[in-house]
Amino acid sequence: MDKRLLHKFVSDQCTSKEIDEFFASLDKLHKVDLKNKSLFENYWNDIDITENPNTEAAQRRLDRIHHSINLNQSNPKRDTKTLFLISKKLKVSPFLSRVAVFLLMPILTLLIYTHFIQPEIYSLLSMSSKYEIEAPAGSRTHFVLPDGTKVWLNQGSKLVYPKWFTGGVREVGLIGEGYFDVAPDKKKPFIVEANGMAVKAVGTSFNVRAYADNENFETTLESGKVIVLKNGNDINSEVCDMQPGDHFSFNKLSNKYSITKVNTSKYVSWKDGKLVFKDDGLGVVADRLSRWFNVKVTIADPDLNSLSYTATFIDESLDQVLEMMEVVTPISYTFSSRHKLSDGTFSEKEILIYKKGGKTE
């Protein structure tokens, strides 16, 4: 930021164009450099404080703020939520006398003090401004992020996102599976980080599947364009670009990836309550059924992995799905009974799939 511009803003001498320029400069200050750090530290230290500051005037200002907050808290007609409560009268200290100079510019004060004078406070504030939304096992959830991006979370998935998207990107963290309909903003790409990989978009609709207990990272692009990144948001970490209809799969064990053209409904219909299989092996089916119905599906005979299924399920129960699979392929299944564990909880419900006519123990 330019020292001249900072001085003109504080002195209330900016033109409307310079005011826009000033706040545009503030928006770029998420990247701290030595020049900006020195500029704001010098300005902070130059604020005049005497040994006997006018504490009465500063106290009156703080009392008025205190009174206004209490009025807002006691007004039952207001729809806004109280973010904090002042329970004791504020007392003026030399530090607050200095801050009182900036009472008409709270954004600038907070920026200077927390970002440059006490950066550890800035880190704490950033950490406390994270939200988590989780879709418990057996359920799905839909919500809208602060920027207008629409998100669907599949069973057993979690999204971590900031209270506000600041800086040059809109970044969220995903565990599990999520579908994103990203609000367009060319100046701030939207980045989904999941399991060591990331998907970068602007105004796009795409699905990401990255469960912690699965070695595969997958993303399917419905519309727009995305860039797949590996190990963080860095231009040197770009893996590939994707076009609508592309399905990207990366295996952590083999460290190899593939891109194929697909019918995207197979990968995104879950958000509409549909369970879709198209030439999927029994192993894939078992994994999807396990997460969809919150059970453990085990394939007893490895030879059954050669079987493939094409089907769409909407409102069918687990029993109905298994019965249909038993009709069209040579399999049988049994439900194991739950047993009590040492910690007092009960074991997960398990379905054992085996070759029809075979024996199980």
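Return yes when Glu177 is at pLDDT 95 or above, assigned to a strand (DSSP E or B), closer than 25 Å to Lys266 by Cβ and open to solvent by 40 Å² or more (accessible area, probe 1.4 Å) and no when it is not. Criteria not met by Glu177.
Cβ-Cβ distances below 7 Å connect the following pairs, each with a first residue in segment 249-264 that is of a type outside the set (A, V, I, L, M), a second residue that is in a loop (DSSP other than H, G, I, E, B) and open to solvent by less than 90 Å² (accessible area, probe 1.4 Å), and a separation of six or more residues or different chains: Asn251/Glu215; Lys252/Glu215; Lys261/Gly245; Thr264/Gly245.
Picking from residues in segment 128-145 that are surrounded by 12 or more Cβ atoms within 10 Å (Cβ to Cβ) and polar (S, T, N, Q), the one that is nearest to Gly203 (Cα to Cα) is Thr141.
Listed here are the residues, each with its yes/no results for (1) assigned to a strand (DSSP E or B); (2) open to solvent by 10 Å² or more (accessible area, probe 1.4 Å).
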residue	(1), (2)
Asp147	no, yes
Val151	yes, no
Gly168	no, yes
Lys188	no, yes
Ala198	yes, no
Gly203	no, yes
Val208	yes, no
Glu218	yes, yes
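Residues that are out of contact with any strand residue (DSSP E or B) (no Cβ under 8 Å at 6 or more places or on another chain) and among the hydrophobic types (A, V, I, L, M, F, W, C) were ranked within segment 231-274; the one that is modelled with the highest pLDDT is Leu253.
The values are calculated or read from the model by the stated rules, or taken from the named source; none is laboratory data. Only a predicted model underlies this, so the values are computations on that prediction, with no experimental measurement involved. We place every Cβ from the backbone using ideal geometry, glycine too, and count neighbours over all the protein chains shown. SASA here: full protein model, heavy atoms, side chains in, ligands and nucleic acids out. Shrake-Rupley method; radii C 1.70, N 1.55, O 1.52, S 1.80 Å.
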